[in-house]
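The structure appears right after this line, and notes come after that.
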Amino acid sequence: MSEPFDTGLEIRKKVVGEKYVEASMAKADDFNRDFQELVTTYCWGAVWGRDGLPHKTRSMLNIAMLAALPRPHELKLHVKGALRNGVTTDEIREVLMQVAIYSGVPNGVEGFRIAREAIEEFNADAE
């Protein structure tokens, strides 16, 4: 593989968890293997690997975008990643308050529901 792939794989494991990434890569088949490599190389390596923003800030941006879209599965994954990157539950709450105002209260309601689940699961796994 390439340096951006290796960098991306390292960052991806750090943010969303080694167990999740290894399962995703193990499930990759002829149909979606190229997509897994693309995401790892460009999303995680080329963008998350840049020095312009700390991972904590990138995590908060992802929470806002995924809640506003809404993309519940990815939001839950990235809330847990945000916690791994040092984002506090207070900061997650503030991001979701902003989402509710700028993208609609229903997106905020769903974002809070999903974030609560993610925080509870993250804390349970940490015990």
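Below are the figures for this structure:
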| quantity | calculated |
| --- | --- |
| Pair list, Cβ < 6 Å and 6+ apart or interchain, from the range 98-118 residues that are assigned by TED's automatic domain parsing to the domain that holds L66 to residues that are of a type in the set (S, T, N, Q) and surrounded by 13 or more Cβ atoms within 10 Å (Cβ to Cβ) | V99/N107 |
| Residue match in the range 90-113 (condition: within 20 Å of G17 (Cα to Cα), in contact with a Lys or Arg (Cβ under 9 Å, 6 or more places away or on another chain) and part of a helix (DSSP H, G or I)) | no |
| Residue among I101, I92 that alone is modelled with pLDDT of 95 or more, of a type outside the set (S, T, N, Q) and more than 27 Å from D125 (Cα to Cα) | I101 |
| Pick from the range 73-89, criterion outside any helix (DSSP H, G or I) and touching a helix residue (DSSP H, G or I) at 6+ places or on another chain (Cβ under 8 Å), ranking: surrounded by the most Cβ atoms within 10 Å (Cβ to Cβ) | V87 |
| Sole residue being of a type in the set (A, V, I, L, M, F, W, C), in contact with a Leu (Cβ under 9 Å, 6 or more places away or on another chain) and under 21 Å from E18 (Cβ atoms), chosen from L69, L77, L38, L53 | L77 |
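Okay, residues lined up against (1) touching a His at 6+ places or on another chain (Cβ under 8 Å); (2) assigned by TED's automatic domain parsing to the domain that holds R113; (3) closer than 25 Å to F112 by Cα; (4) touching a residue at least 24 places away in the same chain (Cβ under 8 Å):
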residue: Y42; (1), (2), (3), (4): no, no, no, yes
residue: N62; (1), (2), (3), (4): yes, yes, yes, no
residue: K76; (1), (2), (3), (4): no, yes, yes, yes
residue: I92; (1), (2), (3), (4): no, yes, yes, yes
residue: L96; (1), (2), (3), (4): no, yes, yes, yes
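The values are calculated or read from the model by the stated rules, or taken from the named source; none is laboratory data. Note that the coordinates shown come from a computational prediction; the quantities given were computed from them, not determined experimentally. A quick note on method: Cβ atoms are made from the backbone with ideal geometry, for glycine too, and the neighbour counts reach across all protein chains shown.
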